[in-house]
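First the structure, in the form of structure tokens, and then the observations on it.
The values are calculated or read from the model by the stated rules, or taken from the named source; none is laboratory data. In this text the structure is predicted, and so the values were computed from the model without any measurement. Every residue, glycine among them, receives a Cβ derived from its backbone with ideal geometry; neighbour counts consider all protein chains shown.
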Amino acid sequence: MWDYSETVKEHFFNPRNAGAVDDANAIGEVGSLSCGDALRLTLKVDPTTEIILDAGFQTFGCGSAIASSSALTEIIKGMTLDTALQVSNQDIAEYLEGLPPEKMHCSVMGREALQAAVANYRGEAWQDDHEEGALVCKCFAVDAVLIEDTIRANGLGTVQEVTNYTKAGGGCSACHEGIEEILTRILAEQGKTFDPIAASAPPMRKPKLGTLARIRRIENAIEAIRPNLQRDRGDVELVDIDGKNVYVNMTGACSGCQLASTTLEGIQQRIVEDLGERVRVLPAGQRQAPSAEGRGVPA
């Protein structure tokens, strides 16, 4: 499960400045619902001093996305636009007393939304839609410019770190080669050498499992998580395995919980770590016809 700080939890359960600002004169929109995360940042800026008088957010995403958006609005209120533009995604993470590495992309999204809002206020062009040729990761619509800027700003050195900070490479993994090329070039500029073998995440180098061993590994990963959920009067049960998709039922307090999507992400990460391959954990309601492999799951 994700290890969230108390500050992250506080900003998720009691977000500051949620909703649109009345009479906003600056709007920044980033992300895409089809890619999983989206943020709309609204600002009320004093036209004389360019001081941010109020800030509000509307976020579609996980708990970290909500907490990062809440933190961003608290940080920038009272700042001038130029000062606010100096706020980095690391500043947002530090304000929250840290984010899980896999959730750093949420702080990057906040930084982008702020840049978009300032550009909107000043009548400058800021484009979040990408030309097809500019995309590196088509699963999450992440282009080379964002990857390059994020690598430089955060000192990244591995494909996994790029995925954590931008989501690029977190889907089908077809873009990993492109990300490696960018890392190789930028690290060379810094006098460093990119070693794809040394940089590979150890879990991804596990040998391929047979079907039954794979099912058992997934079952064991879920069983290891269940006690934590049961302590909060919730539970999870494995329903089906269809290739890279793992379908589960959330029951008890976990059913319909505000943190259900976050819990699913935690389950997914645990399975990925134990299994040594990328899978998606989905609610059983999204399941179609059971697969032959899925029918091997004991009831």
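Residues of region 177-197 being without any contact (Cβ under 8 Å) to a residue 40 or more places away in the chain and either surrounded by 18 or more Cβ atoms within 10 Å (Cβ to Cβ) or in contact with an Asp or Glu (Cβ under 9 Å, 6 or more places away or on another chain) (or both), which ones?
First pass over region 177-197, keeping only residues without any contact (Cβ under 8 Å) to a residue 40 or more places away in the chain: 177, 180-181, 183-197.
Selection gives LEU183, ARG185, ILE186, PHE194, PRO196.
So, in region 86-106, how many residues would count as being surrounded by fewer than 23 Cβ atoms within 10 Å (Cβ to Cβ) and either farther than 23 Å from ASP3 by Cα or in contact with a Lys or Arg (Cβ under 6 Å, 6 or more places away or on another chain) (or both)?
Of region 86-106, the ones surrounded by fewer than 23 Cβ atoms within 10 Å (Cβ to Cβ) are 86-88, 90-91, 94-95, 97-98, 100-102.
When the remaining residues are screened for being either farther than 23 Å from ASP3 by Cα or in contact with a Lys or Arg (Cβ under 6 Å, 6 or more places away or on another chain) (or both), the result is 86-87.
The total comes to 2.
Which one of these is within 30 Å of HIS176 (Cβ to Cβ) and without any contact (Cβ under 8 Å) to a residue 24 or more places away in the chain: ASP37, ASP46, ASP143? It would help to see each step written out before you state the result.
Numbers: ASP37 fails: without any contact (Cβ under 8 Å) to a residue 24 or more places away in the chain; ASP46 fails: within 30 Å of HIS176 (Cβ to Cβ).
Only one candidate passes the filter, namely ASP143.
Yes or no: region 78-96 includes at least one residue that is touching a residue at least 60 places away in the same chain (Cβ under 8 Å), outside any helix (DSSP H, G or I) and assigned by TED's automatic domain parsing to the domain that holds GLU10. Before you say what the answer is, go through the steps one by one.
Keep residues of region 78-96 that are touching a residue at least 60 places away in the same chain (Cβ under 8 Å), which gives 88-90, 95-96.
With the extra rule that they be outside any helix (DSSP H, G or I), the set shrinks to 88, 96.
Pick out the ones that are also assigned by TED's automatic domain parsing to the domain that holds GLU10 and you get 88, 96.
Yes - at least one qualifying residue is present in region 78-96.
Given the conditions (1) polar (S, T, N, Q); (2) crowded, with 16+ Cβ neighbours inside 10 Å; (3) at pLDDT 90 or above, report the number of the one that THR83 does not fulfil.
For THR83, the failing item is (2).
With ASP232, ASP240 as the choices, which residue is outside the structural domain of PRO101 (by TED's automatic domain parsing), farther than 14 Å from LEU275 by Cβ, touching a strand residue (DSSP E or B) at 6+ places or on another chain (Cβ under 9 Å) and at pLDDT below 85? Talk me through it step by step, then tell me what you get.
Details: ASP240 fails: at pLDDT below 85.
From the options ASP232, ASP240, the qualifying one is ASP232.
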